[in-house]
Amino acid sequence: MITISVCNHKGGTGKTTSSINLSAALALSGLNVLVVDLDPQGFLTRMVGVGEPDAAESSTILFDPDAKEGRDLPIVETGSFDLMPSSSALSAGMRKLTRPVDVLWLKEFVERDAPSLGYDVLLFDTAAAVTVYSLNALTASDHVVIPVLPEYQPVVGAEQTWQTAQMVRKRLNPGLDEPSFLLTMVDGRKQNHRSYRAYMREKYGAHVMRQIIRTCTTLSISHGPGGTVYSRNAHARGAVDYASAAEELMVRIGHRDQASPETESATEAMGV
Ligand SMILES: Nc1ncnc2c1ncn2[C@@H]1O[C@H](COP(=O)(O)OP(=O)(O)OP(=O)(O)O)[C@@H](O)[C@H]1O
Ligand SMILES: [Mg+2]
């Protein structure tokens, strides 16, 4: 089972869009994917057309042993990947998670409960801040994707997230790989986008994914039932970009060989 956190401490850098569409592309390539929405704002949950559930039917359950005991986990099908939805109760719940061991809840879920669920990939979408939930996600993951819009504030946020990931590797989770930066909402006509892309590649080298996500209107309007770019227009450039990024990610993390894919890639499944 592959565990991936999608994180950037800066808001609006494409975390949720990347979580949805990387997961959809991985599902399209034949993998069983569970997305856990850890953002109290719950945009991922809304964008795939799932209403806000009661707190007990949301990801809050993972941080409350009494609520979880003897109950089925709250997992809904979206038609592409499965989802453990978010609830705004995550905000209030955060106030109770103040002990050092409270960063270990998700790790316990990943090690104890998740294997019997039969997923190939577990992906955590996180909020734009260093919270107990994002630390839980990084502590429970083997990989972290940092979506970064090539502009000043998102790049600074991405670098801070890189530092947080290094801290988590050192103190909490030595199994966490070096992060992969995914450039998002890239507009090749903008000089500052070209400059920040060059800056990221120069400074972080192979940690910057080769595939970029270009600006794409279909991505920004993909919400409602289905909620992925593939349910709207599988040939939109956002669909093609995320399919290639998902493929690259699987190669980077060693799940797939470049030459001989273990499963059909999303680009092949889409016929592009
Ligand atoms: N490649 C893209 N092209 C055009 N619009 C995009 C693209 N990626 C994301 N967007 C839009 O940019 C906005 C921010 O994206 P998103 O919600 O994915 O960011 P986020 O990092 O999850 O934000 P937050 O920090 O608030 O959780 C959204 O309106 C989304 O539809
Ligand atoms: Mg988001």
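Among the residues of the range 24-51, those that are in contact with a Ser or Thr (Cβ under 7 Å, 6 or more places away or on another chain), in contact (Cβ under 8 Å) with a residue 40 or more places away in the chain and within 15 Å of ligand 1 (Cβ to nearest atom) comprise Ala24, Val35, Val36, Asp37, Leu38, Asp39, Pro40, Gly42, Leu44, Thr45, Met47, Val48. Among the residues of the range 255-272, just one is β-branched (Val, Ile, Thr) and either open to solvent by less than 30 Å² (accessible area, probe 1.4 Å) or at pLDDT 95 or above (or both), namely Thr267.
If you filter the range 123-142 down to residues that are over 18 Å from Ser87 (Cβ atoms) and free of Cβ contacts under 8 Å to residues at least 40 places away in the same chain, you find that the one that is nearest to ligand 1 (Cβ to nearest atom) is Leu135.
Scanning the range 184-220 for residues that are within 16 Å of ligand 2 (Cβ to nearest atom) and modelled with pLDDT under 95 yields a count of 2. Test Ser18 against the criterion of being more than 8 Å from ligand 1 (Cβ to nearest atom), touching a strand residue (DSSP E or B) at 6+ places or on another chain (Cβ under 6 Å) and either over 12 Å from Asp82 (Cα atoms) or of a type outside the set (D, E, K, R) (or both), and give yes or no. Against the criterion (more than 8 Å from ligand 1 (Cβ to nearest atom), touching a strand residue (DSSP E or B) at 6+ places or on another chain (Cβ under 6 Å) and either over 12 Å from Asp82 (Cα atoms) or of a type outside the set (D, E, K, R) (or both)), Ser18 does not qualify.
The lone criterion from (1) touching a residue at least 12 places away in the same chain (Cβ under 8 Å); (2) open to solvent by less than 50 Å² (accessible area, probe 1.4 Å) left unmet by Gly205 is number (1). Say we look at the range 119-137 and pick out the residues that are farther than 13 Å from Thr3 by Cα and not aliphatic (A, V, I, L, M); which of these is surrounded by the most Cβ atoms within 10 Å (Cβ to Cβ)? In this case the residue turns out to be Tyr133. Among the residues making up the range 224-254, those that are surrounded by fewer than 17 Cβ atoms within 10 Å (Cβ to Cβ) and either free of Cβ contacts under 8 Å to residues at least 24 places away in the same chain or within 16 Å of ligand 2 (Cβ to nearest atom) (or both) are Asn233, Arg237, Val251, Gly254.
When the helices (runs of 4 or more DSSP H) confined to the range 15-100 are screened for residues that are open to solvent by less than 50 Å² (accessible area, probe 1.4 Å) and farther than 20 Å from Ile2 by Cα, those reaching at least 1 such residues are found at 43-47, 65-68, 89-94.
Entry remark, the range 101-113: residues being surrounded by 20 or more Cβ atoms within 10 Å (Cβ to Cβ) and either in contact with a Pro (Cβ under 9 Å, 6 or more places away or on another chain) or assigned to a loop (DSSP other than H, G, I, E, B) (or both) number 1 in total.
The values are calculated or read from the model by the stated rules, or taken from the named source; none is laboratory data. Please read these numbers as outputs of a predicted model, since none were measured by experiment. No Cβ is skipped: glycine too gets one built from the backbone with ideal geometry, and neighbour counts run over all protein chains shown. Only protein heavy atoms, including side chains, enter the accessible area calculation; ligands, DNA and RNA are left aside. Shrake-Rupley method; radii C 1.70, N 1.55, O 1.52, S 1.80 Å.
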